[in-house]
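> I have a structure here, written as C-alpha cells, and I will follow up with some questions on it.
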Amino acid sequence: MTTPLRVPSTYTGRLRKAVEKLGLAEPIFIPRVNNNWAAQGMCFPNAQQAVAFEGGQVLMGWALRMWPRCFLEAEQHAVWQQPSGDIVDVTPHPYDATTVFSCDTQADFSENGLANRINRYVNIAEGKLRAKVDQLLSASAEKMEYELAHKSLVDGALHFSDDESERQRLLNKMSALAMALPKKRWS
C-alpha cells in the first residue's frame with residue numbers, strides 16, 4: 001500500500017504546531033545524498049559508515065513526514081554531519097530527496113543499529129475524520145510495539161522472531177483503517 005506520507009516543504013502552520021506538541025526541536029531541511037553502499041531503512045548503520053569513511057559525526061533525532069490534513073509522523077532517524085558541518089541524509093528513500101530532521105540527543109539506537117523507540121504521531125485531522133485518524137494511529141502504534149519486541153538483525157538484514165501471522169494481522173488492520181479514510185486525502 002502506498003501512503004500519502006509526504007515530506008513537508010515548509011515549516012509553517014500545522015507542522016509547527018505538531019512539532020511543538022511533540023516537544024521536538026525546530027526541524028531542518030537536509031538533502032539525501034545518493035551512494036551505492038547504504039541500505040534503505042538502516043539509517044544508524046549508514047550514518048556510522050559515513051563517519052568511518054569520511055569523519056564527522058552521527059546526529060540522532062526524528063525524520064518528519066505528514067499525511068496532509070491527517071497526521072504528523074516522527075520516525076526515529078540518524079543522519080551524518082560532515083566534518084565541514086553540513087548535515088546530509090545518507091539513507092536512501094524511494095520517494096523523498098529531502099529529509100525534514102529534528103535533532104534529539106535523547107534518541108538512541110540499539111547496539112546493532114535498530115531503533116529503540118516507536119514512531120510518534122500527532123493527529124491534525126478535524127471533524128469526523130479525527131476519530132478515524134485516531135484509530136489508524138492506535139493500530140500503527142500497536143504494530144510498531146509488536147515489531148520492536150520481535151525484530152533483530154541477522155547477517156545485516158532485518159529479521160522478525162515470530163511466525164509472521166501476528167505482524168500480518170496488525171498490518172492488515174492498519175491498512176484497512178487507512179483505506180477507510182477519504183480518498184481525496186490521498187492526493
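> Exactly one condition in (1) assigned to a helix (DSSP H, G or I); (2) within 30 Å of residue 126 (Cα to Cα) is false for residue 69; which is it?
Just one mismatch for residue 69, condition (1).
> Can you pull out every residue in the range 11-36 that is at pLDDT below 90 and exposed (fewer than 13 other Cβ atoms within 10 Å of the Cβ)?
Answer for the range 11-36, where residues must be at pLDDT below 90 and exposed (fewer than 13 other Cβ atoms within 10 Å of the Cβ): 12, 13, 34, 36.
> Scan the range 33-50 and report the pairs whose first residue is more than 15 Å from residue 87 (Cβ to Cβ) and whose second residue is assigned to a helix (DSSP H, G or I), with Cβ atoms within less than 6 Å and a gap of 6+ or a chain change.
Hits for this filter: 38/46.
> In addition: Mind checking which residues of the range 72-103 are assigned to a loop (DSSP other than H, G, I, E, B) and either under 14 Å from the mean Cα position of the chain (by Cα) or free of Cβ contacts under 8 Å to residues at least 60 places away in the same chain (or both)?
The initial filter retains those residues of the range 72-103 that are assigned to a loop (DSSP other than H, G, I, E, B), namely 82-86, 90-97.
The answer is 82, 83, 84, 85, 86, 90, 91, 92, 93, 94, 95, 96.
> Do you know which residues across the range 141-187 are of a type in the set (S, T, N, Q) and either at pLDDT below 65 or surrounded by fewer than 10 Cβ atoms within 10 Å (Cβ to Cβ) (or both)?
So the first thing to find is which residues in the range 141-187 are of a type in the set (S, T, N, Q), and the list is 152, 161, 165, 168, 172, 175, 187.
152, 161, 165, 187, listed by residue number.
> Please count how many residues of the range 52-62 are touching a residue at least 12 places away in the same chain (Cβ under 8 Å) and surrounded by fewer than 17 Cβ atoms within 10 Å (Cβ to Cβ).
3
The values are calculated or read from the model by the stated rules, or taken from the named source; none is laboratory data. Keep in mind the model is a prediction, meaning the values are calculated, not measured. Backbone-built Cβ (ideal geometry, glycine too); neighbour counts: all protein chains shown.
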